[in-house]
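These notes concern the structure reproduced below.
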Amino acid sequence: MTDQDQNNFDERDDDTLAAEYVLGVLDLKDRREAERRLQSDQVFASLVRGWENRFADLNDDIDAVEPPEHVKQALGDTLFSSSENNADVSKSFFWQTMGFWRGISVVAVLLAVLFGYLAFDKPDRKEDGVSYVASLSSKDNDHSYVTLFNEQTGEFIVRHISGTPPADKDLELWLIVQGEKPVSIGLVGYEDKNKPAIPREFVQEFDKDILLAITVEPKGGAPEGVATGPIVAAGQLKNI
Amino acid sequence: MLTADDISKLLAQVALRDRQAFDMLYEHTSAKLFGVLLRLLKDRPEAEDALQEVYTKIWHKADRYSSSGASAMTWLITIARNHAIDRLRARPATAESLEEAETVASKERSPEEEAIASSERRKIDNCFDRLEESKSAAVKGAYLEGYSYQELAKQNDVPINTMRTWLRRSLAKLKECLEE
């Protein structure tokens, strides 16, 4: 056998493996092995693509079947139930969907931690007029903030806990009463304290479910006061 | 009905985390992918779980589409197929599932399938016709029904190594024919 023959043989062997992988007849162990090669071996990957395209016409022999609605529902809950990055926050308002509100329970765990922090570190908070608190976070990134609301002064105190600031962008804090348009509270920084204030009339809304969310916005804040997202952290405001 | 180009554009938007594009992609492609999963898994609740997992993958992997060189729909179906086959191969091979497979394998074409088959002769059909009937059925059974070598060997009542040789030769012939 010449070298050329050997090469041809190897090529055919890989091609057969690629075909068997695409056809699906390999066992799990051999499938994993083929997938490892797919990641690292461009030639093998192109052989697999070749067989995928060769068999693609057979896909027409498979009838479409409308899936039940609950699959879509569950998918939305899984993918978008927290402050998942969203390219178009202002239009889709996904945070008002059931999934998002269910996702809030994650935040409840963080709140427990926060209460510990308040009790230990700032025993006089309550007397200072701080009566509401929210822990803002996301399971998709490491941004987390604690916001405290001082009822007497109408000020939000925003404490940055973790997360890397996006370059050339500002972060903006939003107050969301369920079912209504988000209201900008102001820009937040990475300094320990930022005190954007909100108009007095919003204080009475605090009996309702209030969500706070931080979005990434162009420098200077959201254009025309409408969030453009994505959300990096969110959490529910709780009375303490 | 979306064109292949539309689906390709939607995938590009999904790669940029556009939720609305994702919703639209789901609306227009989920029935086909569910059909693929049902056909391979032959279990409705499992196919429903798998569909959710497949779209989760699509959401996270959409950025890899552009470099794949496949048509958008083929790319999506490939993700569904691979997911279903992984599930099938992870199943313990039971006697019942093999019997079930044989029942499905011997299913006759519906009049509708027959009509499609006779009116639209594709190149791939002509190439399958050049194979012996049992071998053509084995290749199609693997692709469309998700049969493993073991299942195909049992259906054809031959040793597994014989089945491998048959299938590999058939694949080589198919390729040669498709590239003519």
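Would you call B:LEU25 open to solvent by less than 30 Å² (accessible area, probe 1.4 Å), more than 8 Å from chain A (Cβ to nearest Cβ) and either touching a residue at least 40 places away in the same chain (Cβ under 8 Å) or of a type in the set (D, E, K, R) (or both)? No. Of all residue pairs spaced 6 or more apart or on separate chains, those with beta-carbon atoms under 6 Å, a first member in region A:46-72 that is within 7 Å of chain B (Cβ to nearest Cβ) and farther than 21 Å from B:GLU27 by Cα and a second member that is basic (Lys, Arg) and surrounded by fewer than 19 Cβ atoms within 10 Å (Cβ to Cβ) are A:ASP57/B:ARG122. The set of residues from region B:119-150 being in contact with a Leu (Cβ under 6 Å, 6 or more places away or on another chain) and more than 8 Å from chain A (Cβ to nearest Cβ) comprises B:CYS127, B:ALA138. Taking the numbered list (1) modelled with pLDDT of 90 or more; (2) more than 10 Å from chain B (Cβ to nearest Cβ); (3) not in a helix (DSSP H, G or I) in turn, A:SER83 passes all entries but (1).
Is at least one residue of region B:39-55 under 24 Å from A:ALA45 (Cβ atoms) and basic (Lys, Arg)? Within region B:39-55, none of the residues are under 24 Å from A:ALA45 (Cβ atoms) and basic (Lys, Arg).
The lone criterion from (1) open to solvent by 50 Å² or more (accessible area, probe 1.4 Å); (2) modelled with pLDDT of 95 or more; (3) closer than 18 Å to B:ARG122 by Cα; (4) of a type outside the set (A, V, I, L, M) left unmet by B:PRO159 is number (3).
Residue-by-condition table, conditions (1) within 12 Å of another protein chain (Cβ to nearest Cβ); (2) under 17 Å from B:TYR143 (Cα atoms); (3) modelled with pLDDT of 90 or more; (4) open to solvent by less than 40 Å² (accessible area, probe 1.4 Å):
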{"site": "B:ALA31", "(1), (2), (3), (4)": "yes, no, yes, yes"}
{"site": "B:LEU37", "(1), (2), (3), (4)": "yes, yes, yes, yes"}
{"site": "B:SER68", "(1), (2), (3), (4)": "yes, no, no, yes"}
{"site": "B:SER71", "(1), (2), (3), (4)": "yes, no, no, no"}
{"site": "B:HIS83", "(1), (2), (3), (4)": "yes, yes, yes, yes"}
{"site": "B:LEU88", "(1), (2), (3), (4)": "yes, yes, yes, yes"}
{"site": "B:ARG91", "(1), (2), (3), (4)": "yes, no, no, no"}
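Within region A:228-240, the set of residues being under 17 Å from B:LEU16 (Cβ atoms), open to solvent by less than 20 Å² (accessible area, probe 1.4 Å) and at pLDDT 75 or above comprises A:ILE231, A:VAL232. For region B:1-17, the candidate set comprises residues that are modelled with pLDDT of 85 or more and within 12 Å of another protein chain (Cβ to nearest Cβ); within that set, the residue that is farthest from the chain's Cα centre (by Cα) is B:GLN13.
Criterion first (open to solvent by less than 50 Å² (accessible area, probe 1.4 Å) and at pLDDT 95 or above) does B:VAL104 satisfy it?
Values: open to solvent by less than 50 Å² (accessible area, probe 1.4 Å): yes; at pLDDT 95 or above: no.
No.
The values are calculated or read from the model by the stated rules, or taken from the named source; none is laboratory data. What you see is a predicted model; the values in this text were computed from it and never measured. Please note: Cβ atoms are built from the backbone with ideal geometry, for glycine as well, and neighbour counts cover all protein chains shown. These area figures cover heavy atoms from the full protein model, side chains too; ligands, DNA and RNA do not enter into them. Shrake-Rupley method; radii C 1.70, N 1.55, O 1.52, S 1.80 Å.
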